[in-house]
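Input: a single structure, listed below in structure tokens.
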Amino acid sequence: MATARPLTICDVYDGFLAGKKLTEDEWDYDIIPTNATKLKDKYKLNFGKNMVPEDKSTMNNLFAAGLEMLVSTGFYNSDLKRVLKISETDVWEGIKKTPKQIILGEGRDCARFYPRRGNSPVKPIIQGGPTGAPVSEDVFVQVMQSYAQESVVDTIVNGVMATIEGHPAITNTPYEIRALMAEIRGVREATVRAGRPYIAI
Amino acid sequence: MRPCDSHECSQLNELKVDMAALNMLSGWVENGNTIMIEQMPIFGGYCGMVEETAICDVASTLASFALFHGNYHLDGPIHIRWGITTSRETIQIAAHVAAAIDANTDLLLANQYYPIAGPCTEMCLLETAAQAIADTASGRELLSGSAAAKGVAQDKTTGMEARIMGEAAKATAGMKIADVNKILEKLVSSYEKNYAKAPAGKDFRQCYDVLTVKPTAEYLKVYEGAVKALAGFGLEIKN
């Protein structure tokens, strides 16, 4: 059946509210492993030794198995303890609505984020940074600059500032937000020092 | 934050989300922010082994776009025993998932890096290069990293690891997949026996001059050693 529109975040929330109740243990220890194994068998998936697949049938079977996993299993909300069901049409509608070309950053520091299509001769975007690893407050700018100044780096991903003015940046405390804002300022300072003020973060 | 910067939101393992994520996403969508949805499926965890983890990974990736308004998906299959993305199994999962989605959609796919060895070690650079080779060859559009020393040790990450990630990707782009697999087999075999005694590496302050933010001569030498080793495995990185 045709969809009314791509799902919104509120549609997803409503879908969870209307979903079946289930304990998180049932989801983790029963539903996920059982369904994944069933689909591995159904689609006869065996990757063998190749780290990167060379045959189209493995790629297509894995895609079909993953799509069926999402549609037949649904998605679990760990706060509501409920399972959202999604149709295959909704999945394709979501794929269709997603922009396929994005510009990250601005001006001379921008990176074009376009589909590559297999092992295209075009290199992927290099997003340099500690990827969430903890970084001391006193060297935060320097650590981030060490990435921003690399010519092969196109965009920046930040590390986590371990403290803010000496206080641990503990989750769900004002220090967490203060550290986050300091991180953003620190990354900006690092990109300016590297001569790339408009690079995406 | 500008519309051309990215906001990151994480799913939970496996095929789960919480209300904090939905609430953040609701605001970001209305603001027109660029959204990166992250999920690191656990190899050997709830999903099971390689193929089952890959199935869950494809499902999680599709959910990022269909349910959560992601503009791009940041993957990162992680090994339950070692806590890394650079193992043979997790590289194989990520590469198969990317190739599968790339062959069937034009979605934008990213992957993140958690090697076991720390900075200023050849092992760290070789692990990072291995994943970059596989990610590039399997069609990913963005490589994000690298969180050396498993991303848990403070100040154990530097720009030099991103350099090898980018240079290995550049050298791989356009290669035949059969050739890539031969390189990967030799490369991963060279370090995978050393996880239990992986070198911890050095602190940022020992890898760089903190005042000038220049890498030390020692780290540049280690980098050159890694480039030489990669050439021996069949990947030529040009200076």
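Just so you know, all these numbers are worked out from the coordinates, no wet-lab data involved. Since the structure is predicted, the reported quantities are computational estimates derived from the model, not experimental observations. So basically every Cβ, Gly included, is an ideal-geometry build from the backbone, and we count neighbours across all protein chains shown.
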Quiz item: For B:Met40, A:Met144, B:Met175, what ranking results if the residue with the fewest other Cβ atoms within 10 Å of its Cβ goes first?
Solution: B:Met175, B:Met40, A:Met144
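Tell me, what is the percent relative contact order of chain A, built from C-alpha pairs under 8 Å that lie six or more residues apart?
On the way: 257 pairs, mean separation 37.1, N = 201.
That works out to 18 percent.
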Quiz prompt | Between the range A:120-195 and the range B:1-73, the alpha-carbon center distance in angstrom | solution = 21
Quiz prompt | Charge dipole (debye, nearest 20) of the protein assembly as shown; +1 at Cβ of Lys and Arg, -1 at Cβ of Asp and Glu | solution = 880
Exercise. Mark the label point 7 Å from the Cα of B:Asn194 along Cα→Cβ and return the residues of the range B:209-237 whose backbone N is within less than 20 Å of it.
Key: B:216-237
Exercise. Can you list which of the trypsin sites (Lys or Arg not before Pro) found in the range A:65-146 are DSSP loop residues with at most 13 other C-beta atoms within 10 Å?
Key: A:Arg117
Quiz item: Which value results for Rg/Rh of the protein assembly as shown when Rg is the Cα radius of gyration and Rh the Kirkwood radius based on the inverse mean 1/r?
Solution: 0.95
Exercise. Count charges around B:His7 for me, please; just the other residues with Cβ under 14 Å from its Cβ, Lys/Arg as +1, Asp/Glu as -1.
Key: -4
Quiz item: For the cross-link pairs B:Lys150/B:Lys193; B:Lys170/B:Lys197; A:Lys97/B:Lys150; A:Lys20/A:Lys97; A:Lys44/B:Lys170, which exceed 25 Å when the distance is taken from alpha carbon to alpha carbon?
Solution: B:Lys170/B:Lys197; A:Lys97/B:Lys150; A:Lys20/A:Lys97; A:Lys44/B:Lys170
Quiz item: Roughly speaking, what is the centre-to-centre gap between the range B:81-98 and the range B:180-199 when only Cα atoms are used, to the nearest Å?
Solution: 12
Quiz item: Is it possible to state the helix-based mean residue ellipticity at 222 nm for chain A, with each DSSP H run of 4+ residues giving -39500 (n - 2.57), the sum divided by total residues, to the nearest 500 deg cm²/dmol? What is it?
Solution: -12000 deg cm²/dmol
Practice problem: Output the relative contact order of chain B, whole-number percent, from Cα pairs under 8 angstrom with separation of 6+ residues. | Solution: 15
Quiz item: Label A:Lys42 and B:Ala178 with points 7 Å out from Cα along Cα→Cβ: what is the distance between them in nm?
Solution: 3.4
Exercise. With the cut-off at 31 Å, report for chain A the share of all Cα pairs above it, as a whole percent.
Key: 47
Quiz item: In debye, nearest 20: dipole of chain A around its Cα centre with unit charges on the Cβ of K, R (+) and D, E (-)?
Solution: 860
Self-check item: Loop-located chymotrypsin sites (Phe, Trp or Tyr not before Pro) in the range A:98-201, at most 15 other Cβ atoms within 10 Å (DSSP)
Solution: A:Tyr198
Practice problem: Please report, largest first and rounded to whole Å, the three semi-axes of the ellipsoid equivalent to the range A:112-169, where each semi-axis is the square root of five times an eigenvalue of the C-alpha gyration tensor. | Solution: 30, 12, 7
Quiz item: Can you give the % of DSSP beta bridges in the protein assembly as shown that are antiparallel, to the nearest 5?
Solution: 30
Quiz item: Rg to Rh for chain B: what is it, with Cα atoms only and Rh by Kirkwood?
Solution: 0.97
Quiz item: So which chymotrypsin sites (Phe, Trp or Tyr not before Pro) in the range B:1-53 are both in a DSSP loop and have at most 16 other Cβ atoms within 10 Å of their Cβ?
Solution: none
Exercise. Quote the FRET efficiency, to the nearest 0.05, computed for A:Lys49 versus A:Lys85 with a Förster distance R0 of 35 Å and r equal to the Cβ-Cβ distance.
Key: 0.40
Quiz item: So how strong a dipole does the range A:9-97 carry about its Cα centre when Lys and Arg Cβ are +1 and Asp and Glu Cβ are -1, to the nearest 20 debye?
Solution: 260
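Can you give the translational diffusion coefficient of the range B:1-121 in µm²/s, computed by Stokes-Einstein from the Kirkwood radius over Cα pairs at 4 °C and 1.567 mPa s?
Estimated diffusion coefficient is 87 µm²/s.
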